[in-house]
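Right, one structure below, let's go through it.
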Amino acid sequence: MNILEFSLLVWFSSLTAGFLGSLTGLGGGVVIVPMLTLAFGVDIRYAVGASLVSVIATSSGAASAYVKEGYTNLRLGMFLEIATTAGALVGAIVAGMVSSRAIAIVLGIVLIYSAYLSRQPRIEHVDNEPSDPLATSLKLNGSYPTQTGLQPYNVRAVPVGFGLMFIAGILSGLLGIGSGAVKVLAMDQAMHIPFKVSTTTSNFMIGVTAAASVGVYLKRGYIDPGLAMPVMLGVLLGALLGARILVRARIELLRNIFSLVILGLAIEMIYKGLTGGI
């Protein structure tokens, strides 16, 4: 296989990952690292570096639209970004100290949770509880557009969400993913933020989180332009295509397919991590 064929295969695979990731709300990053490692034999640290670059690109492309439409809670996103950025730096530093096998096993566990999360129904929380006093002090409560007008919501469990965001940042820096699964756990489940606000605010945040750790990978020489470029272009185009057909697609079927793919990759990553195949 020559360089052109390799680049085209990586681009097409990344496009598919970005497309399915966009439709399920978890992003293509959860597929990129295991795909590059298992299917193309790329060293896991170079795969993480390429994935981080793609996360920055897709977040930058989509976040502006969500901000313009009024879904993203910018104040909450910037506050939680303190935790994810710190975590991302810790994760990137730790990545250079642990073995590839350990990274593969941790990634496999995160993928299993992502597969589970991708099959769960998306339910908007009913705003029937008082706001967290800290959220009120920091003015984190907000509103988002609905068919009946702006719907206000309160933010809860700010310390718990902040702690989970730090863990999400560590996973992002260590594994090269957007950590959408943990961010959704923090905002949707712990902080009881409406799902549309959770996903759009998470999308706004993941680019900054990835940017915080990508510098460490760049300094260590783990960003290969020849690998990162087709990955970035593929995931970005796939995410844009996914967003266009989101309203017409049979999302439930795609979620099931995507979760099975992630589950298979998770099992393979854990197996190879345990047996030394990575």
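The alpha carbons of the stretch 3-275 occupy a box of 54, 41, 30 Å along the principal axes, longest dimension given first. Helical content alone sets the calculated 222 nm signal of the chain at -23500 deg cm²/dmol, taking -39,500 (n - 2.57) per DSSP H segment of four or more residues and averaging over every residue. Cross-link partners for Lys196 among the lysines, with Cα-Cα distance under 17 Å and sequence neighbours closer than 8 places in the same chain left out: Lys68, Lys183. If you keep only loop residues by DSSP, which trypsin sites (Lys or Arg not before Pro) in the stretch 152-222 have at most 14 other Cβ atoms within 10 Å of their Cβ? Those satisfying the criteria are Arg220.
Since every read-out is calculated from the coordinates, none of them should be taken as a lab result. Just so it is clear, the model here is predicted, and its values are computed rather than measured. In this analysis, Cβ positions are derived from the backbone assuming ideal geometry, glycine residues included, and neighbour counts consider all displayed protein chains.
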